[in-house]
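Enquirer: Just passing along the structure, written as structure tokens.
The values are calculated or read from the model by the stated rules, or taken from the named source; none is laboratory data. Treat the numbers as computed from the prediction; the structure is a model and nothing was measured. Please note: Cβ atoms are built from the backbone with ideal geometry, for glycine as well, and neighbour counts cover all protein chains shown. Calculation scope for accessible area: heavy atoms of the full protein, side chains included, ligands and nucleic acids excluded. Shrake-Rupley method; radii C 1.70, N 1.55, O 1.52, S 1.80 Å.
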Amino acid sequence: SSDTGYETIQVRTEGRVGIIQLDRPKALNALNSQLCREVVQAAAAFDADENIGAIILTGSDKAFAAGADIKEMASKDFAQVYAEDLFGLWDRFAATRIPVIAAVSGHALGGGCELAMMCDIILAADNASFGQPEIKLGLIPGMGGSQRLTRAIGKSKAMEMVLTGRTMKAEEAERSGLVARVVPLAELQQTALEMATAIASMSRPVAMLAKEVVDAAYESSLAEGVRLERRLNFACFALEDRREGMAAFVEKREADFTHR
Ligand code: HXC
């Protein structure tokens, strides 16, 4: 199925997977405010839909997204960006509770790299490139890049990228831990769909709990994180799907989760 109510994105579903495709080809999917509103709305709708268990966010072969829309930003002053909290709305996308896979081909620069890093897993095509070139515009990252890139690839490498604006290709991004896997461009969408379908076939609440505990590793001490994990592990025992998953193992059959 597909929804044509959007102008800067295309939205469709494949089974239990929701797909959001950035679609401003003439601007290499630059992230303007309309695109931000539409992505946030589409992700929130999938998040609220019990029939959707995972989201794929993708762009075109040439560009995942070439950054925040420089033409839209160029004339703004401090008072404006502060008053409108420029880029603040993206925090709602980052707060999506079901798993989100970024399927990245082509340029993922500036806000595009930051948007990919808001997702839970980055799957990259072999033509993908990642970078935070804001410094060349007299700017620093503003959608979490300085924080998420540093956590993903470490201080020295993040510093180098943020201070020089150098981009890294897919192979280096995988070696550095930024992306989960690199696949040939022709296989990107199929691989992303297989991964998302596998996730969406799991218990929906359990996948959400799993995402929550991995994310907690960024926000807490080891002891606090382990404690939260243990508590949420116990919480799984209250779910129908946990009963079904273990029963299926014992009975040597595939689990048939009801996502409750
Ligand atoms: C607006 C953009 C754009 C952007 C590309 N375009 N990137 N428009 N904002 N970020 C537009 C171009 O102006 C051009 O339109 C069209 O897309 C095609 O781009 P070209 O440059 O002709 O393509 P190419 O020669 O293939 O080069 C690709 C590129 C280059 C290397 C990706 O476009 C580029 O360097 N883009 C900017 C990358 C960048 O600096 N991103 C960070 C933005 S700052 P026209 O109509 O002119 O032909 C940012 C900040 C985040 O993201 C938060 C900060 C607070």
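Enquirer: Can you confirm whether Ala79 is farther than 17 Å from Thr8 by Cα and touching a Pro at 6+ places or on another chain (Cβ under 7 Å)? Don't jump to the end; show me each part of the working.
Expert: Values: farther than 17 Å from Thr8 by Cα: yes; touching a Pro at 6+ places or on another chain (Cβ under 7 Å): no.
Answer is no for this residue.
Enquirer: Can we say Val250 is within 24 Å of the chain's Cα centre (by Cα), among the β-branched types (Val, Ile, Thr) and over 20 Å from Ala48 (Cα atoms)? Please lay out each step first, then the result.
Expert: On the way: within 24 Å of the chain's Cα centre (by Cα): no; among the β-branched types (Val, Ile, Thr): yes; over 20 Å from Ala48 (Cα atoms): yes.
The answer is no for Val250.
Enquirer: Which one of these does Lys26 not meet: (1) more than 15 Å from the chain's Cα centre (by Cα); (2) more than 10 Å from the ligand (Cβ to nearest atom); (3) more than 24 Å from Leu178 (Cβ to Cβ)?
Expert: All conditions are met except number (2).
Enquirer: Under 6 Å by Cβ, and 6 or more places apart or on different chains, what pairs join a residue from the stretch 124-143 that is over 25 Å from Ala180 (Cα atoms) with one that is open to solvent by 20 Å² or more (accessible area, probe 1.4 Å) and among the aliphatic types (A, V, I, L, M)?
Expert: none
Conditions tested, residue by residue: (1) at pLDDT 95 or above; (2) under 23 Å from Leu89 (Cβ atoms); (3) within 16 Å of the chain's Cα centre (by Cα); (4) surrounded by 24 or more Cβ atoms within 10 Å (Cβ to Cβ).
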position	(1), (2), (3), (4)
Gly110	yes, yes, yes, yes
Cys113	yes, yes, yes, yes
Asn127	yes, no, no, no
Phe130	yes, yes, yes, yes
Gly142	yes, yes, no, no
Leu163	yes, no, no, no
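Enquirer: Looking at this structure, is Ala43 crowded, with 19+ Cβ neighbours inside 10 Å, under 19 Å from Phe130 (Cβ atoms) and under 17 Å from the mean Cα position of the chain (by Cα)? Steps first, answer last, please.
Expert: Numbers: crowded, with 19+ Cβ neighbours inside 10 Å: yes; under 19 Å from Phe130 (Cβ atoms): no; under 17 Å from the mean Cα position of the chain (by Cα): yes.
No: the conditions fail for Ala43.
Let's see how each residue does on (1) more than 10 Å from the ligand (Cβ to nearest atom); (2) among the acidic types (Asp, Glu):
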| position | (1), (2) |
| --- | --- |
| Ile56 | yes, no |
| Ala66 | no, no |
| Gln80 | yes, no |
| Gly88 | yes, no |
| Ile98 | yes, no |
| Ala103 | yes, no |
| Asp120 | yes, yes |
| Gln132 | no, no |
| Met143 | no, no |
